[in-house]
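Below is one structure, written out as structure tokens, with a few remarks after it.
What follows draws every value from the coordinates through simple rules; no lab data is involved. Since the structure is predicted, the reported quantities are computational estimates derived from the model, not experimental observations. Every residue, glycine as well, gets a Cβ built from its backbone with ideal geometry; the counts of neighbours run over all protein chains shown.
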Amino acid sequence: MNVKTLGQFVIEKQADFPYAKGELSRLLRDIGIASKIVNREVSKAGLAEILGETGDTNIQGEKVKKLDVFANEQFIAAFKAGGEVCAIASEETEDIISIDSEISKTAKYVVAIDPLDGSSNIDVNVSVGTIFSIYRRKSLSGPGTLEDFMQRGTEQVAAGYVIYGSSCMMVYTTGKGVNGFTLDPSIGEFCLSHPNMQTKKDGLVYSVNEGNYLHFPDGIKKYIKYCQEEDKATQRPYSSRYIGSGVADIHRNLITGGVYIYPCTTKSPNGKLRLLYECNPLAFILEQAGGKASTGEKRIMEVDLKELHQRTPLIIGSANMVDTVMDFIKKYASQTA
Ligand code: AHM
Ligand code: MG
């Protein structure tokens, strides 16, 4: 069988970056290794003493699960050992983790990570994921600083996610298309399974937590009703698919076509999802796959990051569907204004 492993692929693609010295390739390899370890634990989660909560609450005010902590520790350990990044920002950690070591002194990159996205699904055997985003540092040398992260999504050098699902898959971009790799457990390698992923311009799926319907802005409420209406020309009604693991919902929509919406609500006026380690990396991937990602007002990747754990509304997926949601938002915002 002619397989191409993640390792072989990133080394081949290094040629796309004439001045690269292999650091980015090594960083992607480190992420691959850590995610295999996380996948091992996720796949036996029902057996191991790893289900449930630790009893602590994280910076987001959410109850911390043992697997969240495990995944966070694995990725941090991989980045520290790899020496390719000088700082890490994680959903699970209030402040950045500056790396003060001999091997990281001259590291060019910083990495932002959501180690285990979809925490509410960990204990119930439903897909969860890891999201990562890589930037070039702004500081010149030594341990990385907060300023190194205060960049727009457009500055990302690479981004990706790993989905721990019916199979384990890594999807990433370095700004030259999107490629997906499936873990072959028999050889323990991520193998290229989805080269040059492209999403449809139009899809037939909408993904939103309709339990929050009453708290949505009018434009989103009207869009949801539009999705449910009968219309032969646009093949409506659309299907509703929402599992509560952003990586899984957005990955499915990337493959089949669709739109994922996490809007602002009256309870969370800035939305729920985090710009740095959730929305920007997912936006980079979707744009590279021919889709779009918006706050409802502007392109996600052009939002200024002012604080590490900044939240934003997110509308992401097939380009025409995102445009239609934006049209609804505009139309009903001006009517209530
Ligand atoms: P998490 O990083 O704490 O898991 O939160 C992010 C998740 C997304 O993966 C998912 O789409 C969303 O939150 C689900 O939120 P809700 O339960 O409010 O629908
Ligand atoms: Mg998350």
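Would you work out which of V205, L305, N270 lies farthest towards the positive end of the dipole of region 205-336? Charges go on Cβ: Lys and Arg +1, Asp and Glu -1.
Comparing the listed Cα positions along the dipole, N270 ranks first.
Can you give me the angle between helix 218-228 and the longest principal axis of the chain, using Cα atoms only, in degrees from 0 to 90, rounded to the nearest 10?
Helix 218-228 sits roughly 80 degrees off the main axis of the chain.
Tell me what the chain gives for mean residue ellipticity at 222 nm when only DSSP H runs of n ≥ 4 count, each as -39,500 (n - 2.57), the sum divided by the residue total, rounded to 500 deg cm²/dmol.
-9000 deg cm²/dmol, from helical runs alone.
Apply the Karplus parameterisation 6.51 cos²θ - 1.76 cosθ + 1.60, with θ equal to phi minus 60°, to every residue of region 3-8 and state each ³J(HN,Hα) to the nearest whole Hz, in sequence, with x for glycine and proline.
10, 10, 7, 4, x, 4
Counting only C-alpha contacts under 8 Å and six or more residues apart, can you give the relative contact order of region 6-194 as a whole percent?
Across region 6-194, relative contact order equals 16 percent.
Normalising by the residue count of region 205-336, find the relative contact order in percent from Cα pairs under 8 Å and 6+ residues apart.
Taking the mean separation of contacting Cα pairs over the length of region 205-336, I get 29 percent.
Name the residue from F216, Y242, I261 whose Cα lies farthest towards the positive end of the charge dipole of region 205-336, charges +1 on Cβ of Lys and Arg and -1 on Cβ of Asp and Glu.
My answer, from the dipole projection, is F216.
For the chain, set up a GNM with springs between Cα atoms under 10 Å and report which of Y223, Y135, Y109 has the largest fluctuation.
Judging by the Gaussian network model, the answer is Y223.
Quick one: work out the % antiparallel among DSSP beta bridges in region 205-336, nearest 5.
The answer is about 70 percent antiparallel.
In a GNM of the chain with a 10 Å cut-off on Cα contacts, which of A283, A78, A112 has the highest mean-square fluctuation?
The residue that fluctuates most here is A78.
With springs connecting C-alpha atoms under 10 Å apart, model the chain as a Gaussian network and identify which of A34, A89, A15 has the largest mean-square fluctuation.
In this elastic network of the chain, the residue with the biggest mean-square fluctuation among A34, A89, A15 is A15.
With +1 on each Lys and Arg Cβ and -1 on each Asp and Glu Cβ, how big is the dipole of region 205-336 about its Cα centre, in debye rounded to the nearest 20?
180
If you line up the long axis of helix 66-82 against the longest principal axis of the chain, both from Cα atoms, how many degrees apart are they, to the nearest 10?
Taking the Cα atoms of the chain, the angle to 66-82 is about 50 degrees.
What size of dipole, in debye to the nearest 20, comes out for region 133-227 about its Cα centre when the only charges are +1 on Lys and Arg C-beta atoms and -1 on Asp and Glu C-beta atoms?
Here the size comes out at about 360 debye.
Please compute the contact order of the chain in relative form: average sequence separation of alpha-carbon pairs under 8 Å and at least six residues apart, divided by the residue count, as a percent.
15
Going by alpha carbons, how many degrees (0 to 90, nearest 10) lie between the helix axis of 246-256 and the longest principal axis of the chain?
Once rounded, the angle reads 70 degrees.
I'd like the trypsin sites (Lys or Arg not before Pro) in region 79-159 restricted to DSSP loop residues with at most 13 other Cβ atoms within 10 Å, sorted by number.
For trypsin sites (Lys or Arg not before Pro) across region 79-159 that sit outside H, G, I, E and B with at most 13 neighbouring Cβ atoms in 10 Å, the list reads K105.
Between K80 and S101, 0.36 nm times their residue separation minus their Cα-Cα distance comes to what?
6.7 nm
Hey, if you put +1 on the Cβ of every Lys and Arg and -1 on every Asp and Glu Cβ in region 6-194, which of Q8, V171, I31 ends up farthest toward the positive end of that dipole?
Toward the positive end, the furthest listed residue is Q8.
So how much slack lies between N209 and A15, counting 0.36 nm per residue of separation and subtracting their Cα-Cα distance, in nm?
Taking 0.36 nm per residue and subtracting the Cα distance, the gain is 65.6 nm.
I want to make sure I understand the PRE zone here: with the label point 7 angstrom from the Cα of T234 toward its beta carbon, which residues in region 313-335 have backbone N atoms less than 15 Å away?
318-332
Counting other Cβ atoms within 10 Å, keep those with at most 16, restrict to DSSP loop, and tell me which GluC sites (Glu not before Pro) in region 207-292 are left.
E229, E230
Mind listing which trypsin sites (Lys or Arg not before Pro) in region 184-274 are in a DSSP loop and have 12 or fewer other Cβ atoms within 10 Å?
Sparse-neighbourhood loop trypsin sites (Lys or Arg not before Pro): K232, K267.
Report the extension gain between K44 and D123 in nm, rounded to one decimal, defined as 0.36 nm multiplied by the number of residues separating them, less their alpha carbon distance.
27.3 nm
For region 6-194, with only Lys/Arg (+1) and Asp/Glu (-1) charged at the beta-carbon, what is the dipole magnitude about the Cα centre, in debye rounded to 20?
Dipole about the Cα centre, nearest 20: 680 debye.
Once Rh is set to the Kirkwood radius over Cα pairs, what Stokes-Einstein translational diffusion coefficient, in µm²/s, holds for the chain at a temperature of 10 °C and a viscosity of 1.306 mPa s?
Calculated translational D: 78 µm²/s.
Which value does Rg/Rh take for region 6-194 over its C-alpha atoms, Rh per Kirkwood?
0.96
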